[in-house]
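Step one of this worksheet: look at the structure below.
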C-alpha cells in the first residue's frame, strides 16, 4: 500500500521493522501529520500544508525539519508518480519512558500512498456518528497524532455506500466529518464550524473560505448545530485529498443543490 | 534505558528499527498500554493490570492477546530482575492509510525499564498544570495511547523539586495528576475524582479504594474541584509504579498529615 517511503531521509530496508521501539509517536501519539494530494509531481497547496505542519510542531514544541529537507524528500518519494497521496509525519522521536519530552531528535516520515480510487464530487451519502469529539482548545486546529476519536467514529459503519460520518463534540455542537471539514449554505451564506474547541483546520477548508471570498460569496466561521445542517440548502465536505464533495443525503435528509460547491470546485480545480 | 523487550514475542535485533512503518499505534495512537511494578520477579497487581488492558482493548475493539502469551512474555523480560518497570503496549497493528480499522493483527510490546531511582513516599511538592484534559466519556478510564495532554502538561515545568502536576478538565473539575491519581481526605472521608469524563482508572487507585474499605475508612468517588483540594486535611497521589505518595505542598498550600496514606501504605505494602 505504501508506494515510497523515507524515514529520516532513508529508504527503510524492511517496512515491518522500520520505526524506533521507543518512539514517542507510538507510545503517546506525540507528533503531527499531513496528508496532501500529489498531482503530476506537484503537491497541491504545499505551502498551506507545511504551514499547518509547522504550526502543529510549534504547539507541541517539536523541532520541525527545515522546509528544504521536506521539499527534497517529497521530490524523492513522488518521482514518476502522477496522482497519489503524500503523507508527512513528524513525531517527537525516541524518548525515555514517561510523558515528559526529552531532548531527542524527531522522527520524520515522508511517504506516498495510492490516491483514492473512487471519488465522486457529488451524490455523497453521509451519516451521523455516535462517537463524540472531546473539547480541548489547546489542541484544536492542528493535525496531531491523537486520533482515537476518528478511529472509533469510522469503525461505526461498514456500508461502503456511506462515504463519511458527521461528528459532534461532547456538547452536541457540529465539528466536522471524520476526515473532512463540513460546510453548509443558509440564505446564500457559506457557513462552517469555527473549530474553537476541537477539529482540524483543513487545508482545503482554508482554500474554500478564501475562494468563496474572492467569488463574492459571504462566509462565516461560527458555532453550528445539527439543526443548522437540517435547515441547510446545500451541504458539502472538504478534504485536501478528496477535494470538495457535495452531500446528497444524511439519514432522512436529502439535498439537490450543489451550486455553491460547483462554483468553488471550478474556482479551485478541486 | 530499555532493559529487555519483546515485540510480538521476538527480541528486536535493532531497537532503532523495530516497529512497522505503518503501525496504527504510531499514526493514530490506536492502542492501549500498561505500566506495572516488577518486584522480585513478580508483577504487583498483575490481574488488575491485565483486566484494565483487556477492558481497553474491548473499548477500542482491538483483539487482545491471550493471557498466557502475556504471562510467558513477562516472565521472559523479567528474568533475573529484582525491581523494575514492566510496560505492555497493544496497538491495532499495521493498517492501510486512513482512520478506519482494518483486519490486521495487533502489535504487542512487552518490555522492562529501570525502576524510578528516587521515590520518597512523603514530602511531595506538586503544582497546578495549565494544560487541561478534554472530556470524552467514551475514552475515560482506559489507558489508551492518545496522551498528548499529559505530554504537554509535563512539559510545563522543569524544576526537579516538583514531582507532579495536578490536572483539571476543560470545565475546571479536578481529574488527576499527569501520571497519578489523586486522593484527598475531608472530615476523615477519603475522596477521589469519579473520572466519569476523563482520566485513567489507575490500578493503585482501585487497590487504595479496596484497602480503605477493608480498613473501615469511608470513601467516595465524586466530582471534586480545586476548592476541595484547598480545603483538604491530607492529599496523596497513587501510581502503580510509585505507590502511594503523600503531598506536602502545592503552590502556597501545605499539608502535614499523612495518617490515612500511612495506613494504606502499610496495608498495601506500597
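Normalised by the residues of segment B:124-268, what does the relative contact order come to in percent, with Cα pairs under 8 Å and at least six apart?
The normalised contact order for segment B:124-268 reaches 26 percent.
Have a look at the DSSP beta bridges in segment B:124-268 and tell me what percent are antiparallel, nearest 5.
60 percent
Hey, rough spin-label estimate for residue A:96 and residue B:58, points 7 angstrom out along Cα→Cβ, what's it come to in nanometres?
Simple spin-label model gives 3.7 nm for this pair.
When a/c is below 1.5 the answer is rounded, else prolate if a/b is larger than b/c, else oblate, so apply that to segment A:35-178 with a ≥ b ≥ c taken from the square roots of the Cα gyration tensor eigenvalues.
Cα axes put segment A:35-178 in the oblate bin.
Which of A:236, B:197 has the fewest other C-beta atoms within 10 Å, and how do the rest follow up to the most?
The order, fewest Cβ neighbours first, is B:197, A:236.
Shortest first, in nm, what separates the label point of residue B:262 from those of the same position in the other copies (7 Å along Cα→Cβ)?
8.1
Evaluate E = 1/(1 + (r/R0)^6) for residue B:262 and residue B:171, where r is the Cβ-Cβ distance and R0 equals 25 Å; express this FRET efficiency to the nearest 0.05.
Taking R0 as 25 Å, the efficiency between residue B:262 and residue B:171 is 0.15.
Using Stokes-Einstein with the Kirkwood hydrodynamic radius over Cα pairs, what translational diffusion coefficient do you get for the protein assembly as shown at 20 °C and a viscosity of 1.002 mPa s, in µm²/s rounded to a whole number?
87 µm²/s
When only C-alpha pairs under 8 Å and at least 6 residues apart count, what is the relative contact order of segment A:4-114, in percent?
Computed value for segment A:4-114: 39 percent relative contact order.
Please report the orientation-averaged projected area of segment B:4-114, defined via the convex hull of its C-alpha atoms, in nm².
Approximately 6.7 nm², given one-decimal rounding.
Give the shape of segment A:181-270 as rounded, prolate or oblate, defined through the alpha-carbon gyration tensor: a ≥ b ≥ c are the square roots of its eigenvalues, a/c under 1.5 means rounded, and otherwise the shape is prolate if a/b is larger than b/c and oblate if not.
rounded
Using a Gaussian network for chain B with springs between C-alpha atoms less than 10 Å apart, which of these wobbles most: B:196, B:245, B:82?
Answer for the Gaussian network model of chain B: B:82.
Count, for each residue of B:27-36, the Cβ atoms from other chains sitting within 10 Å of its Cβ, then give me the mean as a whole number.
5
Given an 8 Å cut-off on Cα distances and at least 6 residues of separation, report the relative contact order of chain A as a percent.
The value is 19 percent.
How many partner chain Cβ atoms sit within 10 Å of a residue's Cβ in peptide B:9-18, on average, as a whole number?
Partner-chain Cβ atoms within 10 Å, mean over residues of B:9-18: 4.
Can you give the % of DSSP beta bridges in the protein assembly as shown that are antiparallel, to the nearest 5?
Around 80 percent of the beta bridges assigned by DSSP in the protein assembly as shown are antiparallel ones.
From the label point of residue B:155, set 7 Å from Cα along Cα→Cβ, how far away are the matching label points in the other copies, in nm, ordered shortest to longest?
The projected label point of residue B:155 is separated from its counterparts by 2.7 nm.
Ordered shortest first, which distances in nm separate the 7 Å Cα→C-beta label point of residue B:114 from those of the other copies?
4.8
Ratio of chain A's C-alpha Rg to 2.2 N^0.38 Å, to two decimals?
Compared with the compact-globule rule of thumb, chain A sits at 1.02.
Would you calculate the separation in nanometres between label points at residue B:221 and residue A:79, each defined as 7 Å from the Cα along the Cα-to-beta-carbon direction?
Output for this residue pair reads 5.7 nm.
Separation between the residue B:187 and residue A:251 pseudo-spin-labels, each 7 Å from Cα along Cα→Cβ, expressed in nm?
4.4 nm
Tell me, what is the FRET efficiency for residue A:161 and residue A:231 to the nearest 0.05, using R0 = 22 angstrom and their Cβ-Cβ distance as r?
E(calc), rounded to 0.05, equals 0.30.
Go through B:170-183, A:50-63, B:125-138 and give me the packing order, highest mean Cβ count within 10 Å leading.
Highest-to-lowest ranking by the protection proxy: B:170-183, B:125-138, A:50-63.
Only the coordinates and a few stated rules stand behind these numbers; no lab work does. Only a predicted model underlies this, so the values are computations on that prediction, with no experimental measurement involved. Heads up, the Cβs are rebuilt from the backbone with ideal geometry, glycines too, and the neighbour counts pull from every protein chain shown.
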